Amino acid sequence: MHIVSRFAPSPTGLLHLGHAYSCLLAHRHARSHDGGFLLRIEDIDPGRARAEFVDEIIDDLLWLGVTWDGEIVFQSERLPLYADALSRLKAAGLVYPCFCTRSTIAAEIAASAAAPHGPDGPIYPGTCRRLPAEERARRRALEPHAWRLDTEAALARTGPLYWHDGETEVLAEPQAFGDVVLARKDAPTSYHLAVTVDDAAQGVTDIVRGRDLYAATDIHRLLQALLDLPTPLYHHHPLLTDADGRRLAKRNGAPTLADLRRGGADPARLAADLLDGRLPAGYSSMGP
Ligand code: GLU
């Protein structure tokens, strides 16, 4: 089979070595199989995505020797595709409008005796799922709202679902996340919906990405089943950490690729070292 892989950064900051590692692994996976490699900019967050980060990301990847096929795809230019997927889920009765604010959700969670936690923190208590149809329709016309997936109802519709992480078959347990947001109040989609729609639309066969997105794959698998989309093969890699075992992040002082580039680092050597698992001093790799 012709393999197609991708790198899909969110331009909400500068890339660091962890991004370089992830991108290089995905790139090698595709190219070593004579496959295609795509670059997709996940710029759906209107408050945080910035054009200058896109420019830096492109310069970083070219500097590292990464080559991609075809045009760069920008999620902000594909909103109708996500709206279409959402309307199919609306027609299937599997999503509902949510009028809650962060603070009403936090207050409800604080007031409940047992607040279940999922991989991303406390799960949404389902307030708007229980609204009477009449109130829902009235408020929908008047109030800003997000759209949430009724995850239990969706799973009941699909039955048990599985995906592959490399050779390992994984049972999807998206219910652990509760009713995830598929369209935000401030954006007509969300990460989960856009990533699932685009990977299918772009013919991505193999997703190589960090272990931090392992659990989220359960949601993507559910959305694939609901939208009749193919399931790619996943390969979640360990995350790079600093010497204290902390994930790389700007706030932890991790140098950006732009710093390294401007500081005259040798990109070919850096790329070869990362791919061979030789990490620069002060870094280690975490997880299985
Ligand atoms: N845009 C996501 C991020 O930067 C990655 C999406 C993915 O690889 O599925 O974290």
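The values are calculated or read from the model by the stated rules, or taken from the named source; none is laboratory data. Keep in mind that this is a model prediction, so the values were computed, not measured. Here Cβ is always computed from backbone atoms with ideal geometry, including for glycine, and neighbour counts include all displayed protein chains. Surface areas here come from the heavy atoms of the whole protein model, side chains and all, with no ligands, DNA or RNA. Shrake-Rupley method; radii C 1.70, N 1.55, O 1.52, S 1.80 Å.
Listed residues LEU89, LEU81; which is open to solvent by 50 Å² or more (accessible area, probe 1.4 Å) and assigned to a helix (DSSP H, G or I)?
Working: LEU89 fails: open to solvent by 50 Å² or more (accessible area, probe 1.4 Å).
The unique qualifying residue is LEU81.
In the set LEU222, LEU260, LEU226, LEU239, only one residue is at pLDDT 85 or above and touching a Lys or Arg at 6+ places or on another chain (Cβ under 6 Å); that residue is LEU239. The C-beta contact set for region 221-234 (first residue open to solvent by 50 Å² or more (accessible area, probe 1.4 Å), second residue part of a strand (DSSP E or B), distance under 7 angstrom, 6+ apart or interchain) comprises THR231/TRP163; LEU233/HIS164; LEU233/ASP206. Among residues that are among the aromatic types (Phe, Trp, Tyr) and touching a helix residue (DSSP H, G or I) at 6+ places or on another chain (Cβ under 6 Å), TRP68 is not included. In the condition set (1) away from the ligand (no atom under 14 Å from the Cβ); (2) in contact (Cβ under 8 Å) with a residue 40 or more places away in the chain; (3) outside any helix (DSSP H, G or I); (4) touching a strand residue (DSSP E or B) at 6+ places or on another chain (Cβ under 9 Å), GLY13 is compliant with all but (1). Could you tell me whether region 251-274 includes any residue that is touching a residue at least 60 places away in the same chain (Cβ under 8 Å), open to solvent by less than 20 Å² (accessible area, probe 1.4 Å), within 13 Å of the ligand (Cβ to nearest atom) and at negative phi? Looking through region 251-274, none of the residues is touching a residue at least 60 places away in the same chain (Cβ under 8 Å), open to solvent by less than 20 Å² (accessible area, probe 1.4 Å), within 13 Å of the ligand (Cβ to nearest atom) and at negative phi.
Consider region 1-10. How many of its residues are of a type outside the set (D, E, K, R) and within 13 Å of the ligand (Cβ to nearest atom)? Let's see the steps before the verdict.
Step one: filter region 1-10 for residues of a type outside the set (D, E, K, R), giving 1-5, 7-10.
Applying the additional criterion that residues be within 13 Å of the ligand (Cβ to nearest atom) yields 5, 7-10.
Residues that pass the stated criteria total 5.
Only a single item in (1) within 16 Å of the ligand (Cβ to nearest atom); (2) open to solvent by less than 50 Å² (accessible area, probe 1.4 Å) is not met by HIS19, and it is number (2). Of everything in region 197-219 that is under 21 Å from GLU77 (Cβ atoms) and part of a helix (DSSP H, G or I), the residue that is nearest to the ligand (Cβ to nearest atom) is ASP199.
Name the residue that is nearest to CYS128 (Cα to Cα), counting only residues in region 167-219 that are open to solvent by 10 Å² or more (accessible area, probe 1.4 Å) and of a type in the set (S, T, N, Q). Selected residue: GLN175.
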